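The values are calculated or read from the model by the stated rules, or taken from the named source; none is laboratory data. The structure presented is a predicted model; accordingly, all values stated were derived computationally and were not measured. Here the Cβ is made from the backbone with ideal geometry for all residues, glycine too, and neighbour counts use every protein chain on show.
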Amino acid sequence: MANKSKQVRWITISGGVLFVGILIWSSFRQTQVKYEVCTTFNGASHCATASGSNPEEAIHSAHDIDCSLLTNGRDELMRCSDSQPASVRQIQ
């Protein structure tokens, strides 16, 4: 019985280590590129940085951050999100 308990313990520990390893690996894989995006909306400007697994994802995330800080209400947020960023710069 003690032998079976030891075996279950090792399987549990191995599964936990594997799970943590996969989490770390996937976290690093998702942040391969980093961009700074500046957006101007209704006369105000804001620049934000974001990381992503590809340039489109990083630029979209940074633009969303800018728009959420520059707008008041859903209608303005939608208009800002449809606009083009004033500038886009890759970091790293």
Residue check, Ile24 more than 12 Å from Ala86 (Cβ to Cβ) and modelled with pLDDT of 95 or more | no
Since Thr39 meets every condition but one in (1) exposed (fewer than 13 other Cβ atoms within 10 Å of the Cβ); (2) among the polar types (S, T, N, Q); (3) not in a helix (DSSP H, G or I), which condition does it not meet?
-> (1)
Could you tell me which residue of segment 48-69 is surrounded by the most Cβ atoms within 10 Å (Cβ to Cβ), considering only residues that are without any contact (Cβ under 8 Å) to a residue 24 or more places away in the chain and in a strand (DSSP E or B)?
-> Ala50
